[in-house]
1. Give the residue, chosen from A178, A241, that is more than 17 Å from the chain's Cα centre (by Cα) and among the small types (G, A, S).
2. With the requirement that a residue be open to solvent by 40 Å² or more (accessible area, probe 1.4 Å) and part of a helix (DSSP H, G or I), what does segment 48-79 give you?
3. Aromatic (F, W, Y), surrounded by fewer than 20 Cβ atoms within 10 Å (Cβ to Cβ) and on the phi < 0 side of the Ramachandran plot, is that true of F212?
4. Sort through A45, A87 and tell me the only one that's small (G, A, S) and open to solvent by 10 Å² or more (accessible area, probe 1.4 Å).
5. Criterion first (within 30 Å of I338 (Cα to Cα), among the hydrophobic types (A, V, I, L, M, F, W, C), touching a residue at least 12 places away in the same chain (Cβ under 8 Å) and open to solvent by 10 Å² or more (accessible area, probe 1.4 Å)) does F203 satisfy it?
6. Condition (residue is modelled with pLDDT of 85 or more and part of a helix (DSSP H, G or I)) applied to segment 141-162: is it met by at least one residue?
7. R366: modelled with pLDDT of 85 or more, of a type in the set (K, R) and in contact with a Ser or Thr (Cβ under 8 Å, 6 or more places away or on another chain), yes or no?
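The values are calculated or read from the model by the stated rules, or taken from the named source; none is laboratory data. These numbers come from a predicted model, not from an experiment. Cβ placement follows ideal geometry from the backbone for every residue including glycine, while neighbour counts extend to all protein chains displayed. Calculation scope for accessible area: heavy atoms of the full protein, side chains included, ligands and nucleic acids excluded. Shrake-Rupley method; radii C 1.70, N 1.55, O 1.52, S 1.80 Å.
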Amino acid sequence: MDEVQQPLNNTPRGPYKILVVEDEDLMRSIIAQLLRAEGYEVHEAHSPEVALDLFNSERVDQIDVAVLDLNLSSNVSGLDLLNRLRAIDPELMGIIVTAYASVESAVEALHSGAYDYITKPFANDHLKAVVRNALKEKALFRENRFLRRELREKYRFDNIIGKSDAIEEIFRVMEKVARTDSSVLITGESGTGKELVARALHFGSERANARFLPLNCGALPENLLESELFGYKRGAFTGAAQDKMGLLKAADGGTMFFDEIGDMPLPLQIKLLRALQERECYPLGSNDPVRFDVRVVCATNKDLDREVKAGHFREELLYRINVINISMPALRERRDDIPLLANHFLRKYEKSLNRTGMRFSRGAMRVMVDYAWPGNVRELENTVERAVILAETNVIHSHDVPDKLRGTAAGWNTIEGSGITLEELEHQHIKRVMDKVGGDKVKAAQALGIHLSTLYRKVERYRLEPEGDGAADPPAEPVAVGRAGSRVV
């Protein structure tokens, strides 16, 4: 009994509650005593009416399992009653008991949502085992639901860290497309968070209760990639000892995420295109199609338009997967988010590594903001984790980060501890770059790694515009939806 009496999801609760519905007094008493001896809280009902009253009573908390006689003496059968009870609580586990067993009644009971079917006379140990297994399955169901809720919470849109214009624009696009079934192509450099966005789209969609299955298209050779994607039948090739379901079918009702879709071999691209068009695929070694219903989200760090021109990617497949394009900006293009991300990772690793009260010095933060981050957010996270491990005090200084970061920000290091603010440093840096390029804002924006419209706002904010400049109005913000390769900044 200890195995099924444990609290679920760390939520304290009393013993499991069993409802026994049996119109024969002796049989009802035998079943009730047997289950009470196992430590359950048992409620008895001699008719469907009493059972419904007990089920809806405020005196009785949630019933976990109902043991019902199939042939009650009233006009309502055990199956009818089970259907009514499950309409109130779909999680109720029903066990049907009858002395008049038949294949037809057993099938009908299971189709009506009963967990199991027991015939009289039954062995006491058999009834106890069936009840115990029903509770285990219910526990697994609750645990699965709890974990899905946790995943949905983890991958909420607002858990994506950032307040820059680029990220805010991505949020707006994600909110519009999440609840649709349109295919999405997420582009951007490695480490920019493409899979995080893909998962957020899934858990913000109507498919959130189904599976999100990722497949790295560059991690497997072509033959293994095909068998993983479409599945195979026993004997289809050497080593295929049993049937295996493909990922497209396994993700049925959910989301299929093709990571690094640009690395998929051309012959497999043709097969995938047909499968997506027909919503069916053929497992290896089978002539029978398998239907599937998935939402397709893809990601790549390649320019697929260029890959199409080079003959490395099928144009028709690009049209199929690129209904909506979300282009993830490189971290150097959203430097305003670096302090937010760095502090987020600091809190994360401070907790996991049993450090407390840690913070960055101004010099360390300046170094991180000024660094180009070729590995993007992934590299920043690794850098912060390393700093938390190696820092000798609760303050992470610039010498606690890798030398390569300090090498790109040597000018900043000379003023660590001077009290100058990050805003003042930004002001000075933009002014130096503007002076160096003779006031050319296009060149200055390129040198700073920011979008031109962002530079216009900062120039206005810091009053860097010389009088009588006659500069043109700032360009409109670009949108996130477009052809592959379009940029969100």
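1. On the way: A178 fails: more than 17 Å from the chain's Cα centre (by Cα).
Within the list A178, A241, the selection yields A241.
2. Applying the first criterion (open to solvent by 40 Å² or more (accessible area, probe 1.4 Å)) to segment 48-79 yields 49-50, 53, 56, 58-59, 61-62, 71, 73-75.
Passing the criteria: E49, V50, D53, N56.
3. Numbers: aromatic (F, W, Y): yes; surrounded by fewer than 20 Cβ atoms within 10 Å (Cβ to Cβ): no; on the phi < 0 side of the Ramachandran plot: yes.
Here the answer is no, as F212 does not meet what is asked.
4. A87
5. Values: within 30 Å of I338 (Cα to Cα): yes; among the hydrophobic types (A, V, I, L, M, F, W, C): yes; touching a residue at least 12 places away in the same chain (Cβ under 8 Å): yes; open to solvent by 10 Å² or more (accessible area, probe 1.4 Å): yes.
Against the criterion (within 30 Å of I338 (Cα to Cα), among the hydrophobic types (A, V, I, L, M, F, W, C), touching a residue at least 12 places away in the same chain (Cβ under 8 Å) and open to solvent by 10 Å² or more (accessible area, probe 1.4 Å)), F203 qualifies.
6. no
7. Values: modelled with pLDDT of 85 or more: yes; of a type in the set (K, R): yes; in contact with a Ser or Thr (Cβ under 8 Å, 6 or more places away or on another chain): yes.
So R366 passes the test.
Table: residues versus (1) surrounded by fewer than 16 Cβ atoms within 10 Å (Cβ to Cβ); (2) of a type in the set (A, V, I, L, M); (3) assigned to a helix (DSSP H, G or I); (4) without any contact (Cβ under 8 Å) to a residue 60 or more places away in the chain.
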| site | (1), (2), (3), (4) |
| --- | --- |
| E228 | no, no, yes, yes |
| A241 | yes, yes, no, yes |
| Q269 | no, no, yes, yes |
| D288 | yes, no, no, yes |
